[in-house]
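Asker: This is the structure I want to talk about, given as structure tokens.
The values are calculated or read from the model by the stated rules, or taken from the named source; none is laboratory data. Just so it is clear, the model here is predicted, and its values are computed rather than measured. Ideal geometry is used to build each Cβ from the backbone, glycine not excepted, and the neighbour counts take in all protein chains shown. The area values use the complete protein model at the heavy-atom level, side chains included, leaving out ligands, DNA and RNA. Shrake-Rupley method; radii C 1.70, N 1.55, O 1.52, S 1.80 Å.
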Amino acid sequence: MESTAEHHDDFALSRVPAGHRYHWFSIAVQRFGMLSSLASFLIGATLGFGMDFWNAVLAITFGAVVLEIVTIFTGIAGQREGLSTSVLARWTGFGRAGSSLIGLAISISALGWFGIQNAVSAQGLVSLIGVLPLWAWALIFGLAVTGIVMLGIGSMAWTAYIAVPAFLALAGWSIISELSRHDLGDLLHAAPAGPQLSLLQGTSIVAGGFIVGAVITPDMSRFNRTSGDVVKQTVVGISLGEYVIGLIGVLLALALRTNDVVAIVTSTSGFLGTLVIIAATLKINDWNLYAASLGIVNFVDQVFGRRVHRTLVTLVVGVLGSVLGAVGILDRFTDFLVLLGVVFPPIAGIMVAEYFIGRVWRPELDASRERGTLPDTAPTWVPAALVVWTCASLFGHFVDWGLPSVNSVVVAMLLYTAAARLGLVRGVGRSATHPTPTTTEATAAKSRASAE
């Protein structure tokens, strides 16, 4: 029988068994929850401040298509293997050492945004309730989210079931109450209030706004049952998130002539607007913390050879993020987090290129998947992948032509594929996976052996 500890650990270092996969709609609600956030409001408001409505629709369409393509491919890899991003990366181009770097980068970025968005919710609570100072509300809200994530994806699913409808209802009331005072036909043809954005710039804003979410999709899609489920949840989640929330932001920016998303929400709904902020942050911040905990579990396992429980890591990271957000340190951390965002897109490009095209280590994954275990070993270093990662990141950062985030993904895929075809993708050294399979893996293997 499967151990309770491993179940609560959400299979952080092993494959998610078939019996613990979820209906696609459950995952889609959480995906939509990640996209129906203040960040999506801000992206829409930014478009509405610099573009007319119909150009903003085109930018959202092109950006959503880019995100869906990247997300579907990374998501299918995660679904098939049942592995998180940082663990899957060991056999999709990065090796043990590279995957530990990815896990650490994801954790730092997710921890930073967890603290920053936690502080945003605390500001809303101060405005709504008062009584306690900002730092106290930051701690309370942060620890509440930490408790949800400690219980695992099941608890996070129920949070999404509550927070997503609440957010949509409040945001819907917000837009109806404000836009009812404006002529919709006029807004559809209104000139933007701010400096004009080109279609290319608008598309880049949309695609870049969630590209990190596309990279960490395996953290979520490993709980899907089929590849078709990944496609459905991606199309539904991203399309609804970008169009519904994004276009609300566009219309409100055109109506109120500002791109200040907090001012837009609070000016249109006041008391309820503050609840919108809280609900919006709650359903995305749990995934920030979840991604951070998975990355650290993989980092500690690979660098120190110790298996730490995800629940304990979540508690430590959640408290740390809450404290840092409460004291305001993370406000000065934003530029570094933005810089980290530049290095994420090539990770997806390399993983997709290796898993679907290069397939240097794909046979190892296929064979171990049939056994219900992980490959016995992984390459320690893959120098070619690290070179490609660096080159693609620099290209995305310094080349202004086109969409930076998309450029870096495409460059990473092309360079890695070329290197694989030329035989340059090779592992240096071999590292043992964990010495013993998890209880679930061992049980699954025994069951298959008995059936045979």
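Asker: Among Val231, Leu47, Val360, whose Cα projects farthest towards the positive end of the dipole of the chain, with charges put on the beta-carbon of Lys, Arg (+1) and Asp, Glu (-1)?
Answerer: Val360
Asker: On a 0 to 90° scale, report how tilted helix 271-304 is relative to the longest principal axis of the chain, with both axes built from alpha carbons and the result rounded to the nearest 10.
Answerer: 20 degrees
Asker: As I understand it, the value is the acute angle between the Cα axis of helix 362-371 and the longest principal axis of the Cα atoms of the chain; what does it come to in degrees, rounded to 10?
Answerer: Around 80 degrees separate the two axes.
Asker: Got a number for the accessible area of Ser393? Probe 1.4 Å, square angstrom, nearest 10.
Answerer: Its accessible surface works out to 10 Å², give or take rounding.
Asker: Give the angle, between 0 and 90 degrees and rounded to the nearest 10, that separates the Cα long axis of helix 227-240 from the longest principal axis of the Cα atoms of the chain.
Answerer: So the helix axis and the longest Cα principal axis differ by about 20 degrees.
Asker: Let me ask you something else. Decide, for the range 86-210, between rounded, prolate and oblate: order the square roots of the alpha carbon gyration tensor eigenvalues as a ≥ b ≥ c, take rounded if a/c falls under 1.5, and otherwise choose prolate if a/b is larger than b/c, else oblate.
Answerer: oblate
Asker: Per-residue ellipticity at 222 nm for the chain, helices alone: DSSP H runs ≥ 4 residues times -39500 (n - 2.57), over residue total, nearest 500 deg cm²/dmol?
Answerer: -23500 deg cm²/dmol
Asker: Using θ = phi - 60° and the Karplus relation 6.51 cos²θ - 1.76 cosθ + 1.60, list the HN-Hα couplings for the range 64-73 in order, rounded to whole Hz, with x at every Gly or Pro.
Answerer: Using θ = phi - 60°, the values come out as 5, 4, 4, 5, 5, 4, 5, 5, 4, 5 Hz.
Asker: Contact order normalised by length for the chain, with contacts defined as Cα pairs under 8 Å and 6 or more residues apart; what percent is it?
Answerer: Relative CO of the chain lands at 32 percent.
Asker: Going by accessible area, probe 1.4 Å, with all protein chains left in place, what is the ranking of Leu179, Leu168, largest first?
Answerer: Most to least solvent-accessible, the answer reads Leu168, Leu179.
Asker: I'd like to compare 364-370, 77-83, 182-188, 225-231: which one has the highest average count of other Cβ atoms within 10 Å, and what's the full order after that?
Answerer: Order by mean packing, descending: 77-83, 225-231, 364-370, 182-188.
Asker: With the alpha-carbon atoms as the only input, what is the per residue convex hull volume for the range 1-136 in Å³?
Answerer: 191 Å³
Asker: What are the ³J(HN,Hα) values, in whole Hz, obtained from phi via the Karplus relation 6.51 cos²θ - 1.76 cosθ + 1.60 with θ = phi - 60°, for each residue of the range 191-206 in sequence order, with x given for Gly and Pro?
Answerer: 7, x, 7, x, x, 5, 9, 6, 4, 5, 5, x, 4, 5, 4, 5
Asker: Shifting gears a bit: Which whole-Hz couplings ³J(HN,Hα) result when phi for each residue of the range 9-14 is put into the Karplus expression 6.51 cos²θ - 1.76 cosθ + 1.60, θ = phi - 60°, listed in order with x for Gly and Pro?
Answerer: 6, 6, 6, 4, 10, 9
Asker: State the answer as a single residue: which of Leu424, Gly318, Ser204 lies farthest towards the positive end of the charge dipole of the chain, with beta carbon charges of +1 for Lys and Arg and -1 for Asp and Glu, about the Cα centre.
Answerer: Value: Leu424.
Asker: Identify the residues of the range 44-76 with backbone N under 12 Å of a label point that sits 7 angstrom from the Cα of Arg257 along the Cα-to-Cβ direction, or state none.
Answerer: none
Asker: Give, rounded to the nearest 20 debye, the magnitude of the charge dipole that the range 354-406 has about its Cα centre when Lys and Arg contribute +1 at Cβ and Asp and Glu contribute -1 at Cβ.
Answerer: Using only the charged Cβ atoms, the result is roughly 60 debye.
Asker: Could you tell me which of Met351, Pro383, Phe167 has its Cα farthest along the dipole of the chain towards the positive end, charges placed at Cβ (Lys, Arg +1; Asp, Glu -1), taken about the Cα centre?
Answerer: The Cα lying farthest towards the positive end belongs to Pro383.
Asker: Another question, then. Using amide H atoms built in the peptide plane, which far-off residues or other-chain residues are under 5 Å from Thr380 H to H?
Answerer: Those qualifying (amide H under 5 Å, at least 5 residues apart or on another chain) are Arg96, Val428, Gly429, Arg430, Ser431.
Asker: About the Cα centre of the range 1-128, what is the dipole size in debye to 20, counting +1 per Lys and Arg Cβ and -1 per Asp and Glu Cβ, all else neutral?
Answerer: 200 debye
Asker: Given charges of +1 on the Cβ of Lys and Arg and -1 on the Cβ of Asp and Glu, with all other atoms neutral, how large is the dipole of the chain about its Cα centre, in debye to the nearest 20?
Answerer: Dipole magnitude for the chain comes out near 960 debye.
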